[in-house]
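Worksheet: the structure to be examined is printed underneath.
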Amino acid sequence: MNSLFLPLLVGHLIADFWLQPTSWIECRRNNGWKSKRLVIHAFVAAILPVAITFQPSLWWFAPIIFVVHYLIDLLKSKTKDNLFAFIADQLVHIGLLWVLATFATHIEMTERLQQFWIYAIGFVVVTTPAGILVGKFLQPITKNSDTNGKQHTPVKADASAWIGIIERLLILIFILSAQFQAIGFLVAAKSIFRFSEIQKEGNPKAEYFLLGTLASFLIAVLVGMGIKYTTGI
């Protein structure tokens, strides 16, 4: 694998998750190829990965990524919004970047710079991408089970998303700093704070909370161990 793939991947993750509001996704699904937001998103997803490589000679990557990204997202807007579609979409996007980095150039980076990009990938992954992955994983459960008939408000959903992001970031930091016992304290603290709410809303809510927490923590742990393995720390 060419090390140039690492900044390309960081750029893709930032463009696809941090810089793509939910309203843009809804616009794409509602308007298809007529969606201006889809064009803007594909442009950002093509320019940002290439820009952060700081390699002007790779400018020709951008039009290829733009066209492929546009077509993939357009196709995705016509499919079901589930875990399989999410994973398949990301695999194709990332696969294109890997092909370009591996076979289209021989640019290499220093070991220190490679480690920086590996850390950057890990910290980006445990934020919004991991949250969306957990949400897609829980999607069939939320459809098939009613948590006492209550609907979550957008404010509560946003708060829960930020709680999950901070939890995963803390776990990643604990793993990279070899403070594994702190993860146990984090799990215990969250359980105590949510215990009364779980009791009040019943057993289905408890199972949903536990499954979501375990899935979220698992992603953070795997990312942390992956960073330690690839960087040799």
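In segment 40-63, the residue that is nearest to the chain's Cα centre (by Cα) out of those that are assigned to a helix (DSSP H, G or I) and loosely packed, with under 14 Cβ neighbours inside 10 Å is 63. Among the conditions (1) part of a helix (DSSP H, G or I); (2) surrounded by fewer than 17 Cβ atoms within 10 Å (Cβ to Cβ); (3) at pLDDT 80 or above, the only one that residue 108 does not satisfy is (1).
Which of the residues belonging to segment 217-232 are part of a helix (DSSP H, G or I) and free of Cβ contacts under 8 Å to residues at least 24 places away in the same chain? Hits for segment 217-232 are 218, 222, 229.
Got at least one residue in segment 142-151 being farther than 14 Å from residue 17 by Cα, modelled with pLDDT of 70 or more and surrounded by 14 or more Cβ atoms within 10 Å (Cβ to Cβ)? No, segment 142-151 contains no residue that is farther than 14 Å from residue 17 by Cα, modelled with pLDDT of 70 or more and surrounded by 14 or more Cβ atoms within 10 Å (Cβ to Cβ). Considering the conditions (1) assigned to a helix (DSSP H, G or I); (2) touching a residue at least 12 places away in the same chain (Cβ under 8 Å); (3) polar (S, T, N, Q), residue 20 is excluded by exactly one of them, (1). Of all the residues in segment 6-39, those that are over 23 Å from residue 158 (Cβ atoms) and crowded, with 18+ Cβ neighbours inside 10 Å number 9.
Residues in segment 1-42 that are aromatic (Phe, Trp, Tyr) and within 13 Å of residue 93 (Cβ to Cβ): 2 in all. Taking segment 30-54 as the range and being more than 15 Å from residue 13 (Cβ to Cβ) and in contact with a helix residue (DSSP H, G or I) (Cβ under 9 Å, 6 or more places away or on another chain) as the test, the residues that pass are 31, 32, 33, 35, 36, 37, 38, 39, 40, 42, 43, 54.
The values are calculated or read from the model by the stated rules, or taken from the named source; none is laboratory data. Since the structure is predicted, the reported quantities are computational estimates derived from the model, not experimental observations. A quick note on method: Cβ atoms are made from the backbone with ideal geometry, for glycine too, and the neighbour counts reach across all protein chains shown.
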